[in-house]
Amino acid sequence: MPILAFVGNKGGVGKTTLCVNLAAALNARAPTILLDADPQASALQWAELGGGRALRVVGAVGAVGGLDEAIAAAARDYTYVLVDCPPSVHAAQTRQALGRADVALVPVLPSPFDIWASVHAEAEIQSARTGNPALRAFLVVNQLEPRTRLSNLMCRALAELSLPVAATAIRRRVVYRDAVLVGGSVGAVGKKGAAAAEEIEALIHEVLSP
Ligand SMILES: Nc1ncnc2c1ncn2[C@@H]1O[C@H](COP(=O)(O)OP(=O)(O)O)[C@@H](O)[C@H]1O
Ligand SMILES: [Mg+2]
């Protein structure tokens, strides 16, 4: 029952985009639940538009007994539990999610400022490991421009962090935005989502293999 937390100290980096697309892809394998722990409730809105179809998406901001309890309960009933966290690593929801997660994914935009901002996430993940020593964590480069590579400067900035960087980078693709409007994931929009769906599968394979 892997628990995945999507965390970061900034909004707009792709936590929800990665969370809903990984959730939809995982739900095709085994029962999956997405806990929306961000007061902005973007994942819930996505679900209301029809996103993910068979996927269960529930609000977990005001969960009775706290997010902690909600995650534990979800893990009893679902194979995969994904938690979309608010844009602060110091928020109670993020801390609780990191306390329970098997894997934390920290999306970063390919800009040195965004990469440096991930230092906060790195520190919070380190401290979560005191109570949750098995927690694995990856930075995931998101919105990489098609046909470009990370610049040397960005590679240097990434190397300054102790978190490993997922080998699978997620490219900037219009389909990540469009898929939301048609109420689904990149895996549910056919051929125009094929390349994106492939990178989502590659990321799943990378972060969930032991
Ligand atoms: N790989 C991508 N390609 C294109 N647009 C993206 C990509 N990732 C995120 N976006 C867009 O960027 C914006 C912010 O993403 P979002 O997932 O809401 O970030 P967060 O949850 O971290 O605030 C959204 O409009 C989303 O559609
Ligand atoms: Mg979000």
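Going by the conditions given, is THR32 polar (S, T, N, Q) and under 22 Å from LEU139 (Cα atoms)? Spelling it out, it is not the case that THR32 is polar (S, T, N, Q) and under 22 Å from LEU139 (Cα atoms).
Residues of region 16-36 being near ligand 2 (Cβ under 10 Å from one of its atoms), in contact (Cβ under 8 Å) with a residue 60 or more places away in the chain and open to solvent by less than 10 Å² (accessible area, probe 1.4 Å), which ones?
Within region 16-36, LEU18, CYS19, VAL20 qualify.
Note on region 82-96: residues that are over 26 Å from VAL182 (Cβ atoms) and buried (at least 16 other Cβ atoms within 10 Å of the Cβ) total 8. I'd like to know if region 135-152 contains one or more residues that are within 30 Å of ARG53 (Cβ to Cβ), open to solvent by 30 Å² or more (accessible area, probe 1.4 Å) and away from ligand 2 (no atom under 16 Å from the Cβ). The answer is yes, given that some residue of region 135-152 is within 30 Å of ARG53 (Cβ to Cβ), open to solvent by 30 Å² or more (accessible area, probe 1.4 Å) and away from ligand 2 (no atom under 16 Å from the Cβ). Scanning region 167-209 for residues that are touching a strand residue (DSSP E or B) at 6+ places or on another chain (Cβ under 9 Å), near ligand 1 (Cβ under 10 Å from one of its atoms) and part of a helix (DSSP H, G or I) returns ALA196, GLU199. Within region 97-121, being out of contact with any strand residue (DSSP E or B) (no Cβ under 9 Å at 6 or more places or on another chain) and modelled with pLDDT of 95 or more holds for one residue alone: GLY99.
Restricting attention to region 37-60 and to residues that are open to solvent by 70 Å² or more (accessible area, probe 1.4 Å) and assigned to a loop (DSSP other than H, G, I, E, B), the residue that is farthest from ligand 2 (Cβ to nearest atom) turns out to be ALA54.
The values are calculated or read from the model by the stated rules, or taken from the named source; none is laboratory data. Remember, predicted model here, so these are calculated numbers, not experimental data. Ideal geometry is used to build each Cβ from the backbone, glycine not excepted, and the neighbour counts take in all protein chains shown. Note: areas computed on protein heavy atoms with side chains; ligands, DNA, RNA excluded. Shrake-Rupley method; radii C 1.70, N 1.55, O 1.52, S 1.80 Å.
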